[in-house]
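Each reported figure results from applying straightforward, stated rules to the coordinates on display, with no laboratory input. What you see is a predicted model, and the numbers here were worked out from it, not measured in a lab. As a convention, Cβ positions derive from the backbone with ideal geometry for all residues, glycine included, and neighbour counts pool all protein chains shown.
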């Protein structure tokens with residue numbers, strides 16, 4: 001079950017809500033850590049007892065064979081518990097990161113391609129990969145260690161207090177100083193980690209923009225300036241990273257200082273107590289066994305706090321990453337006010353009922369608008385730039401939900417989308433075609449290419465449909481890319497085909513071939529909605545809408561179009 005983002009008032013609460021879902025694995029990691037602490041106390045007690053029996057009791061090594069074997073068994077059990085602690089923590093972290101990444105992807109899908117597309121792809125990739133992975137140390141190591149930093153020192157304190165309450169008092173006085181200074185340093189580390197994640201997101205987007213625009217930069221002789229800008233952005237990230245590391249090292253230095261001072265005080269007390277120079281309190285009752293055990297346990301008293309300090313920067317990194325992910329999850333996802341899918345009258349595919357659509361910073365771009373699309377219909381939408389043609393197609397496709405009014409679609413409606421810049425991936429022709437039909441056979445792919453007017457191109461390619469394309473369809477002309485997108489439409493068997501300026505920036509010969517392919521789609525009985533100003537495409541329509549300022553200015557059907 002996913003934590004409700006709306007109830008997560010802060011990154012801490014959001015991370016804690018995810019940790020609750022894996023409390024069994026986290027509890028197992030903590031239990032294994034407690035066992036490690038108990039075995040450590042046992043190990044130190046055995047060592048102190050062996051030394052005491054050898055030096056004071058005069059026992060031979062052979063007489064202490066059982067003690068040495070017990071010590072080996074304790075060491076083996078301790079190693080096994082440490083392994084169990086690590087495995088349990090990693091399993092909890094893996095499951096939580098998987099759930100969080102799924103939550104982010106589900107939210108992006110709910111936002112739709114329009115609103116998700118407003119965010120830079122480089123920054124999104126950074127959030128889905130780097131920022132999610134930054135949570136690993138927090139869940140796998142910091143959270144279990146947070147419990148151990150209380151339970152294990154308390155257990156050691158009780159053992160030391162039983163042996164010598166004055167030595168235990170020295171440990172108790174030093175213990176609160178460590179988490180106090182860790183918290184003070186941690187507040188600065190959290191802020192620096194937020195800045196660091198923001199910087200790396202900007203760096204990802206900055207570099208990706210320069211790579212995508214390398215041809216334009218070369219054309220205008222701006223490659224040197226672009227390289228300098230990337231170097232400056234990377235150097236800014238380097239400085240932020242070094243500042244974060246300095247804070248992390250400062251946290252460790254503070255802990256080591258107070259731990260060393262406390263251990264030194266305990267060592268001085270035990271030494272002078274054994275020599276008889278201190279007769280206050282329980283000092284005169286110290287023996288080699290009790291004194292040595294106290295000295296051995298003193299570093300172990302601070303060890304859980306040392307480990308917590310090592311992982312404290314994991315907490316700061318996780319809070320910084322969670323802050324960015326919560327900002328993404330806080331992006332509004334508008335649910336349709338009407339039923340998204342429902343039973344419509346026979347032959348009706350999509351209906352809009354007084355639907356409106358607004359974009360951030362632009363206000364209302366469409367509506368109120370009422371429209372019904374029938375099966376087999378060819379609708380042409382025209383109007384000046386900014387009239388809302390693309391917004392209407394996005395609304396019909398369900399890429400966005402109306403702010404007001406409702407969109408109703410036939411249950412199981414299959415939709416195909418094609419605009420003037422079709423999305424092509426780095427891969428073969430077959431890979432690009434199978435985006436629309438993953439199970440399509442090779443003969444299906446070739447037939448779709450022929451119907452889209454690419455048979456001649458296919459015949460000239462040395463590797464046929466296995467010919468590799470570069471990023472964004474590199475290797476194809478604009479017209480060939482458009483017809484490849486049309487081939488995907490043929491493969492999709494979609495009931496509703498939405499086309500946004502499909503012949504823009506094409507030469508006359510390529511336009512004619514694309515239009516010929518669209519005619520074939522219409523003859524198959526597909527419903528076409530085309531946003532265009534092209535006369536030949538407008539002649540295909542049996543209904544036409546003219547938009548202006550987001551509303552219908554004029555519409556015509558049948559014979560009225562010809563007139």
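Using packing as a proxy for protection, rank 103-114, 285-296 so that the peptide with the highest average count of other Cβ atoms within 10 Å comes first. Can you show the working numbers first?
Details: 103-114: 16.1, 285-296: 19.6.
Answer by packing, highest mean first, reads 285-296, 103-114.
Among DSSP beta bridges lying fully in the range 341-562, give the percent that are antiparallel, nearest 5. Approximately 50 percent, going by the DSSP bridge assignments.
Over the range 1-101, calculate the relative contact order: mean separation of alpha carbon pairs under 8 Å at least 6 apart, over the residue count, as a percent.
Result for the range 1-101 is 42 percent.
Take every Cα pair under 8 Å whose residues are at least 6 apart in sequence, average their separation, divide by the length of the range 10-329, and the relative contact order is 30 percent. Computed from Cα atoms, the angle from the helix 143-163 axis to the main principal axis of the chain rounds to 10 degrees. Of the peptides 71-84, 27-40, the ranking by mean beta-carbon count within 10 Å, highest at the top, reads 27-40, 71-84.
Would you kindly state how much longer the chain becomes between residue 94 and residue 385 on full extension, computed as 0.36 nm times their sequence separation minus their alpha carbon distance, in nm to one decimal?
So the extension gain works out to 99.9 nm.
What is the calculated FRET efficiency for residue 211 to residue 403, with r their C-beta to C-beta distance and R₀ = 41 Å, to the nearest 0.05?
Working: r = 36 Å, r/R0 = 0.88.
Once rounded, the FRET efficiency stands at 0.70.
Placing a label point 7 Å from the Cα of residue 375 along the Cα-to-Cβ direction, the residues of the range 405-430 with a backbone N closer than 15 Å are 410-415. Taking a point 7 Å out from the Cα of residue 267 in the direction of its Cβ, the residues of the range 285-325 whose backbone N falls within less than 16 Å of it are 291-303. The range 273-304 and the range 345-422 have Cα centres separated by 80 Å. Helix 478-492 and the longest principal axis of the C-alpha atoms of the chain enclose an angle of approximately 80°.
Segment residue 523..residue 231, full-extension length gain: 99.6 nm, with 0.36 nm per residue of separation and the alpha-carbon distance subtracted.
Estimated from helices alone, the mean residue ellipticity of the chain at 222 nm is -20000 deg cm²/dmol (sum of -39500 (n - 2.57) over DSSP H runs with n ≥ 4, per residue). Between residue 331 and residue 443, the modelled labels are 4.4 nm apart [label points 7 Å from Cα along Cα→Cβ].
Given a Förster distance of 60 Å, report the FRET efficiency between residue 354 and residue 221 from their Cβ-Cβ distance, rounded to the nearest 0.05. So, using R0 = 60 Å, E works out to roughly 0.70.
Relative contact order of the chain, taken over Cα pairs closer than 8 Å and 6 or more residues apart, is 15 percent.
Evaluate E = 1/(1 + (r/R0)^6) for residue 413 and residue 105, where r is the Cβ-Cβ distance and R0 equals 22 Å; express this FRET efficiency to the nearest 0.05. Efficiency, from the Cβ-Cβ distance: 0.40.
One Cα centroid belongs to the range 423-437, the other to the range 223-243; the line between them spans 35 Å.
Look at 302, 220 and count the other Cβ atoms within 10 Å of each Cβ; fewest to most, that gives 220, 302. Compactness of the range 341-562 is given as radius of gyration and Dmax, 17.7, 53 Å, from Cα positions.
Of 417, 49, the sequence from fewest to most neighbouring Cβ atoms within 10 angstrom is 49, 417.
Exposure proxy check: 362, 434 ranked by fewest other beta carbons within 10 Å?
On the way: 362 9, 434 18.
Going from sparsest to densest Cβ surroundings: 362, 434.
How far apart, in nanometres, would the label points at residue 246 and residue 154 be if each is projected 7 angstrom from Cα along the Cα-to-Cβ direction? The modelled label-to-label distance comes out at 3.8 nm.
For the chain, what proportion of DSSP beta bridges, expressed in % and rounded to the nearest 5, is antiparallel? Mind dumping the intermediate values first?
Working: 21 of 41 bridges.
That works out to approximately 50 percent antiparallel.
Per residue, how big is the convex hull around the C-alpha atoms of the range 10-329? Give it to me in cubic angstrom, could you? Walk me through the intermediate numbers first.
Details: hull volume 49.9 nm³, N = 320.
With only Cα atoms used, the range 10-329 gives 156 Å³ per residue.
Modelled spin-label separation between residue 362 and residue 512, with each label point placed 7 Å from Cα along the Cα-to-Cβ direction: 3.6 nm.
Across q = 0.08, 0.09 Å⁻¹, the chain modelled as identical point scatterers on its alpha-carbon atoms has Debye log10 I(q)/I(0) values of -0.74, -0.85, in the order of the q list.
Specify the angular offset, from 0 to 90 degrees and rounded to the nearest 10, of the alpha carbon long axis of helix 11-20 from the longest principal axis of the alpha carbons in the chain. For 11-20 against the chain, the angle is about 80 degrees. Sorting 390-398, 515-523 by average packing, meaning the other beta carbons within 10 Å per residue, from highest down gives 390-398, 515-523. Stretching residue 125 away from residue 76 to a fully extended chain increases their span by 13.3 nm, per 0.36 nm per residue minus the current alpha-carbon distance.
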